[in-house]
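Scroll down for the structure; my scribbles are underneath it.
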Amino acid sequence: MKSDKDLKKLLSDIDRKGYPAYKQTKGAYRFKGYILSIDHVQGDPFASPSKVSIRIDGSYAGFPSDHYDRPHRRIALQDLLMRRFAAASGRAGRGDSGSGKSGLIISSRPGQEILERTGCRIETGNGDVIFRMEMGFPAFGRSINAKGLIDMLYERLPELVEKALIYNDKEKKTFLDTVFLADDQLEIRKQMKETKLCAFIADGAILPRKSGASDLPMTGAVPFRSPESLRIRMELPHAGTVTGMGIKTGITLIVGGGYHGKSTLLHAMERGVYDHIRGDGREFVLTDETAVKIRSEDGRCVHKEDISLFIGNLPDGRDAKSFMSEDASGSTSQAANVMEAVECGTGTLLIDEDTCATNFMVRDELMQKVIHKDKEPITPFIERMKYLRDGLGISCVLVAGSSGAFFGTADTVIQMDRYEPCDITDKAREEFRNSGLVIGEASSAKEPVFDRIMLPVRSFRQNERLKVRVHGRDGFSIDREEVDIRYLEQIVDQEQTSALAQIVRICAADIADGKLNVREILDRVDKLLETEGTEALCGRCTCCGFARPRRQEIAATLNRCRFLRFD
């Protein structure tokens with residue numbers, strides 16, 4: 001391995017030469033306390049920045065082994081280090097050393113959720129810290145600015161390493177608080193399973209966000225306060241006694257007037273599938289990790305999904321047991337979304353009627369009298385909720401504001417009143433009985449069949465250098481094939497979208513063999529990510545920029561790829 005002096009000499013030798021001479025720097029160099037690896041060098045100063053990583057010796061990084069000896073602690077600590085580096089880079093990460101992207105230092109910048117990312121990994125065996133970033137190698141025009149890169153690698157980077165990635169006793173509490181919070185969140189999830197809860201919202205939580213464009217907590221928001229009848233108490237290893245509202249498995253209805261906090265509560269539960277950082281306000285707002293937000297999605301494609309639980313004899317003769325469409329309607333798209341969630345193993349459905357197809361959710365008595373059931377292929381969701389609960393073991397949390405018919409199916413009814421929840425289950429049941437409303441009886445349900453085989457994409461197998469472009473959280477393209485995932489509301493970070501694009505590519509080119517069904521393919525992806533981490537998505541050059549998505553979003557993305565074929 002070469003030394004830092006060797007690199008400095010090389011840079012001095014190529015100063016002012018044409019930019020391609022930077023390619024000579026590729027390799028590993030020993031610096032004080034860490035190894036610097038230049039893994040990929042950009043072609044010119046206006047191209048994507050160069051990929052750089054550092055491996056800090058565990059003895060130099062100095063983190064106590066009990067801070068990373070368990071997966072949840074390791075992921076939380078990695079997340080903290082990425083936040084510290086991003087904060088410390090500040091102006092040091094800006095491009096000010098010449099043309100193009102010269103001088104840029106780009107690293108992962110996590111949001112409010114804690115995700116496993118390629119940007120940082122701590123090795124459990126020796127405590128080595130591997131940190132990945134991108135750097136814009138400086139240039140004057142298209143000539144090398146060696147002094148600029150020497151400043152980046154020998155002044156700015158070592159300073160960032162010391163500030164952000166090295167343990168010190170002065171900040172001992174910060175590191176302990178991070179791993180202790182991870183312990184407490186894991187304990188809540190454990191107790192949720194033991195007590196059969198699909199969600200827990202702690203007293204004092206701040207649910208409203210700062211704005212539609214900011215996920216930070218709203219200043220001056222009303223702290224959450226659970227109703228006495230739904231309040232539960234948990235003993236946590238570090239936070240001690242925590243109380244809050246427990247939402248039991250089954251059918252839960254959230255009602256209330258407009259602007260009283262119904263959707264805000266549901267949104268917090270959507271994000272509760274992830275752990276949150278301290279200070280977010282939702283640290284102890286946790287949801288079944290498999291929960292899926294369901295909505296209608298006009299125009300999406302559907303690949304041979306069994307939606308017969310909700311859709312019967314279609315007028316055009318299509319088979320609902322193997323439904324296909326390049327332009328699904330609101331009702332068929334929502335039926336497909338539900339069944340795809342069941343297929344990938346969800347335990348809880350989260351639904352806001354504002355984003356649903358009305359005819360899919362409920363049909364009132366008058367409509368049933370005017371349009372006879374024989375003329376309506378849709379079995380409304382309201383008539384299948386109990387089967388989902390009792391037959392398939394799937395809970396549902398539904399926000400409703402327009403139809404009281406749901407009172408007749410709910411196990412629990414929560415009214416949001418000025419952002420404060422009230423348990424009105426008994427009142428709602430009594431009013432439903434007195435109303436004379438009748439919920440239609442659905443025909444007996446047959447257990448859905450999930451045997452779709454995903455076929456490989458030969459063009460992907462033959463081309464290892466497929467061009468992938470990511471469009472924020474809204475979607476991506478692979479080799480000019482666009483994938484629209486803007487309605488997958490539980491994707492919280494662009495790095496998850498980047499990871500999903502690579503997972504689709506891997507599934508289509510390597511995993512799908514024409515024999516594995518969707519569940520088996522998802523199992524293979526889970527195993528890959530568990531054994532090799534998100535680094536398995538990087539290909540030839542491990543880089544920052546990928547965050548692990550859930551199994552549910554992986555399945556949903558595969559189902560929205562129009563170029564995939566299922567048998």
**Study point:** Qualifying residue in the stretch 383-403 (condition: more than 29 Å from the chain's Cα centre (by Cα) and modelled with pLDDT of 90 or more)
**Key:** yes
Exercise for review: Would you point out which residue out of Ala442, Ala410, Ala428 is aliphatic (A, V, I, L, M), over 33 Å from the mean Cα position of the chain (by Cα) and under 30 Å from Gly345 (Cβ atoms)?
Suggested key: Ala442
Exercise for review: Would you mind telling me which numbered condition in (1) loosely packed, with under 15 Cβ neighbours inside 10 Å; (2) farther than 23 Å from Cys544 by Cβ; (3) of a type outside the set (Asp, Glu) Lys467 fails?
Suggested key: (2)
Study note, to complete from the structure: Picked from the stretch 67-77 (must be assigned to a helix (DSSP H, G or I) and touching a residue at least 12 places away in the same chain (Cβ under 8 Å)), the residue surrounded by the fewest Cβ atoms within 10 Å (Cβ to Cβ) is His72
Practice item. Answer yes or no: is there a residue in the stretch 195-215 that is among the hydrophobic types (A, V, I, L, M, F, W, C), without any contact (Cβ under 8 Å) to a residue 12 or more places away in the chain and out of contact with any Asp or Glu (no Cβ under 7 Å at 6 or more places or on another chain). Key: yes
Exercise for review: Among what's in the stretch 189-204 and is crowded, with 23+ Cβ neighbours inside 10 Å and within 18 Å of Asp280 (Cα to Cα), pick the residue that is nearest to the chain's Cα centre (by Cα).
Suggested key: Ala199
Review point. Going by the conditions given, is Asp79 of a type in the set (Asp, Glu), under 26 Å from the mean Cα position of the chain (by Cα) and closer than 21 Å to Ala536 by Cα?
Key: yes
Exercise for review: Would you be able to say whether some residue in the stretch 424-445 is acidic (Asp, Glu) and touching a residue at least 60 places away in the same chain (Cβ under 8 Å)?
Suggested key: no
Review point. Taking the stretch 45-61 on its own, how many of its residues are buried (at least 16 other Cβ atoms within 10 Å of the Cβ) and over 31 Å from the mean Cα position of the chain (by Cα)?
Key: 2
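Yes or no, residue by residue, for (1) more than 30 Å from Gly257 (Cα to Cα); (2) of a type outside the set (A, V, I, L, M, F, W, C); (3) surrounded by fewer than 22 Cβ atoms within 10 Å (Cβ to Cβ); (4) in contact with a Leu (Cβ under 8 Å, 6 or more places away or on another chain):
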site: His303; (1), (2), (3), (4): yes, yes, no, yes
site: Asp306; (1), (2), (3), (4): yes, yes, no, no
site: Pro315; (1), (2), (3), (4): yes, yes, yes, no
site: Ser325; (1), (2), (3), (4): yes, yes, yes, no
site: Thr332; (1), (2), (3), (4): no, yes, no, no
site: Ala335; (1), (2), (3), (4): no, no, no, yes
site: Asp354; (1), (2), (3), (4): no, yes, yes, no
site: Asp364; (1), (2), (3), (4): no, yes, yes, no
Review point. From Asp510, Asp526, which residue is modelled with pLDDT under 95 and surrounded by fewer than 18 Cβ atoms within 10 Å (Cβ to Cβ)?
Key: Asp510
Practice item. Any chance you could count how many residues in the stretch 246-291 are touching a Cys at 6+ places or on another chain (Cβ under 8 Å), of a type in the set (Ser, Thr, Tyr) and outside any loop (DSSP other than H, G, I, E, B)? Key: 2
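Yes/no per residue for (1) within 24 Å of Asp177 (Cα to Cα); (2) of a type in the set (Phe, Trp, Tyr):
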{"site": "Phe63", "(1), (2)": "yes, yes"}
{"site": "Gln78", "(1), (2)": "yes, no"}
{"site": "Ser99", "(1), (2)": "no, no"}
{"site": "Ser102", "(1), (2)": "no, no"}
{"site": "Pro110", "(1), (2)": "yes, no"}
{"site": "Ile122", "(1), (2)": "yes, no"}
{"site": "Val129", "(1), (2)": "yes, no"}
{"site": "Met133", "(1), (2)": "no, no"}
{"site": "Leu153", "(1), (2)": "no, no"}
Review point. Any residue at all in the stretch 86-108 that is surrounded by fewer than 21 Cβ atoms within 10 Å (Cβ to Cβ), touching a Leu at 6+ places or on another chain (Cβ under 6 Å) and assigned to a loop (DSSP other than H, G, I, E, B)?
Key: yes
Practice item. Can you tell me which residue within the stretch 158-186, out of those that are in contact (Cβ under 8 Å) with a residue 12 or more places away in the chain, assigned by TED's automatic domain parsing to the domain that holds Ile106 and of a type in the set (D, E, K, R), is nearest to Ile105 (Cα to Cα)? Key: Glu159
Study note, to complete from the structure: Residue hits (the stretch 384-419; touching a Gly at 6+ places or on another chain (Cβ under 8 Å) and either free of Cβ contacts under 8 Å to residues at least 24 places away in the same chain or surrounded by fewer than 20 Cβ atoms within 10 Å (Cβ to Cβ) (or both)) are Arg389, Gly393, Gly401, Asp411, Thr412, Asp417, Arg418, Tyr419
Point to revise | Residue among Asp66, Asp44, Asp57, Asp96 that is among the acidic types (Asp, Glu), over 30 Å from Phe284 (Cβ atoms) and modelled with pLDDT of 95 or more | key: Asp57
Practice item. Output the residues belonging to the stretch 192-214 that are outside any strand (DSSP E or B) and of a type outside the set (A, V, I, L, M). Key: Lys193, Glu194, Thr195, Lys196, Asp203, Gly204, Pro208, Gly212
Point to revise | Tally, over the stretch 493-525, of residues that are without any contact (Cβ under 8 Å) to a residue 60 or more places away in the chain, in contact with a Lys or Arg (Cβ under 7 Å, 6 or more places away or on another chain) and either farther than 14 Å from Ala547 by Cα or polar (S, T, N, Q) (or both) | key: 4
**Study point:** the stretch 319-336 residues that are under 15 Å from Thr379 (Cβ atoms), paired with ones that are part of a helix (DSSP H, G or I) (beta carbon under 6 Å, 6 or more apart)
**Key:** Ser331/Asn359; Ser331/Phe360; Gln334/Phe360
Check your understanding: Do we find a residue being out of contact with any helix residue (DSSP H, G or I) (no Cβ under 9 Å at 6 or more places or on another chain), in the same structural domain as Pro64 (by TED's automatic domain parsing) and part of a helix (DSSP H, G or I) anywhere in the stretch 121-144?
Key -> no
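Conditions (1) modelled with pLDDT under 95; (2) under 30 Å from Ser263 (Cα atoms); (3) out of contact with any Lys or Arg (no Cβ under 8 Å at 6 or more places or on another chain); (4) not acidic (Asp, Glu), marked per residue:
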site	(1), (2), (3), (4)
Ile122	no, no, no, yes
Arg132	no, no, no, yes
Lys173	no, no, yes, yes
Asp183	no, yes, no, no
Leu197	no, yes, no, yes
Arg209	no, yes, yes, yes
Leu216	no, yes, no, yes
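The values are calculated or read from the model by the stated rules, or taken from the named source; none is laboratory data. As the structure is a prediction and not an experimental result, all values here were calculated from the model. Ideal geometry is used to build each Cβ from the backbone, glycine not excepted, and the neighbour counts take in all protein chains shown.
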